[in-house]
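Student: Here it is, the structure in full.
The values are calculated or read from the model by the stated rules, or taken from the named source; none is laboratory data. In this text the structure is predicted, and so the values were computed from the model without any measurement. Quick reminder, even Gly has a Cβ in these numbers, built from the backbone with ideal geometry, and neighbours come from all protein chains shown.
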Amino acid sequence: MISDAQVAQYRRDGFIVVPDLLEEAELAEMHRVIAELIAGAAHVEAHTDVYDLEPGHTQQAPRVRRIKAPHKVHPVFDRAIRKTAVIAVLQALLGPDIRLHGSKLNMKSARYGSPVEWHQDWAFYPHTNDDLLAVGVMLDDMTPENGPLLVVPGTHQGPVWSHHGEDGRFCGAVDPAEIASEIERAVPLTGKAGSMSFHHVRLLHGSALNTSERPRKLLLYEVAAADAWPLMGVASLPEFDGRMLAGKPTIQPRLAPVPVRMPLPPALRQGSIYENQTSATRTYFRKTAA
């Protein structure tokens with residue numbers, strides 16, 4: 001599904017965008033399911049195992065910024081990552097044996113969708129090697145105005161920045177003063193609905209507030225090579241192996257000399273990255289009004 005040149009671009013820059021991996025019918029079904037899920041948020045007042053809520057959420061006017069683990073919430077989201085065309089791209093980038101690490105659906109509603117501060121996914125879940133990536137499924141057209149993913153080319157080959165706050169605890173965000181020159185080089189990952197981005201687990205990225213009149217829904221999956229094992233441990237081997245997307249599992253982790261900072265002590269506010277980042281004292285993006 002992708003060319004040798006695209007694989008080379010991923011190795012060099014840390015990301016690629018592949019168009020037309022979802023069909024119109026698949027997009028329509030996902031939008032229908034998402035609308036039902038958002039409507040269901042009218043029955044909750046606080047974050048749950050499914051919902052991460054926007055500031056200003058009320059039961060009368062539901063505002064949802066994330067659906068947690070959507071592949072477990074509805075089968076339409078599980079099917080998308082298992083599509084033959086998607087698996088082909090993943091295997092070209094990670095090898096034949098691949099495992100799903102997790103998923104989330106980030107939603108930025110028109111005019112108020114929450115930003116995500118600069119970070120590296122690697123800081124949240126370091127593994128024995130860094131053959132991991134995130135798949136970003138564009139469920140809406142992504143433009144510079146509606147808060148697309150911003151990435152800094154080549155930073156997957158550089159340092160792992162501190163994601164800890166002044167109190168020494170993990171906060172899930174990099175001090176923007178430490179990465180000023182990198183931020184200047186950031187580029188947006190834009191594309192038509194149905195496109196998918198693939199970015200390396202160590203790539204520096206973030207996303208701004210949605211200032212447009214259009215929504216921005218991005219379905220994210222984290223995928224790992226089967227021989228990349230989480231340094232924080234495996235609670236259940238059957239569950240771990242049950243997340244294989246293709247190929248065979250292994251009990252022989254591959255060790256690579258990659259830089260690691262453990263996400264410990266843990267963030268004061270657990271849950272999603274949005275909650276973790278509330279502890280960051282130095283931020284870059286304008287915040288959502290409550």
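Student: Taking region 152-182, which residues are surrounded by fewer than 17 Cβ atoms within 10 Å (Cβ to Cβ), in contact (Cβ under 8 Å) with a residue 60 or more places away in the chain and under 14 Å from Y284 (Cα atoms)?
Tutor: Scanning region 152-182 gives a single hit, A177.
Student: Which one is modelled with the lowest pLDDT among residues in region 279-290 that are closer than 11 Å to G165 by Cα and loosely packed, with under 15 Cβ neighbours inside 10 Å?
Tutor: For region 279-290, the residue satisfying everything is T281.
Student: Looking only at region 215-237, which residues are surrounded by fewer than 16 Cβ atoms within 10 Å (Cβ to Cβ), part of a loop (DSSP other than H, G, I, E, B) and not small (G, A, S)?
Tutor: Listed by number, the residues that qualify are L231, M232, V234.
Student: Hey, another quick one. Scanning region 7-19 for residues that are surrounded by 14 or more Cβ atoms within 10 Å (Cβ to Cβ) and touching a residue at least 40 places away in the same chain (Cβ under 8 Å), which turns out farthest from L149 (Cα to Cα)?
Tutor: This residue is V7.
Student: When the residues of region 140-151 are narrowed to those that are surrounded by fewer than 24 Cβ atoms within 10 Å (Cβ to Cβ) and at pLDDT 95 or above, which ends up nearest to A8 (Cα to Cα)?
Tutor: L150
Student: If you don't mind, there's one more thing I want to ask. So in region 238-268, with the set limited to residues that are in a loop (DSSP other than H, G, I, E, B), at pLDDT 95 or above and of a type in the set (A, V, I, L, M, F, W, C), which one is surrounded by the most Cβ atoms within 10 Å (Cβ to Cβ)?
Tutor: V258
Student: Also, quick follow-up: Where in region 31-110 are the strands (runs of 3 or more DSSP E), entirely inside, with at least 3 residues that are in contact with a strand residue (DSSP E or B) (Cβ under 9 Å, 6 or more places away or on another chain) and either of a type in the set (D, E) or closer than 18 Å to G247 by Cβ (or both)? Break it down stepwise before answering.
Tutor: Numbers: elements: 51-53, 64-68, 98-108.
Filter on region 31-110 gives 98-108.
Student: Please give the number of the condition S212 fails out of (1) small (G, A, S); (2) touching a helix residue (DSSP H, G or I) at 6+ places or on another chain (Cβ under 8 Å); (3) at pLDDT below 95; (4) more than 20 Å from W122 (Cβ to Cβ).
Tutor: In the conditions (1) small (G, A, S); (2) touching a helix residue (DSSP H, G or I) at 6+ places or on another chain (Cβ under 8 Å); (3) at pLDDT below 95; (4) more than 20 Å from W122 (Cβ to Cβ), S212 misses (2) alone.
Student: Okay, moving on. Considering region 120-170 alone, what residues qualify as being assigned to a strand (DSSP E or B) and not small (G, A, S)?
Tutor: Those that are assigned to a strand (DSSP E or B) and not small (G, A, S): H127, L132, L133, V135, V137, M138, M142, L149, L150, V151, H164, F170.
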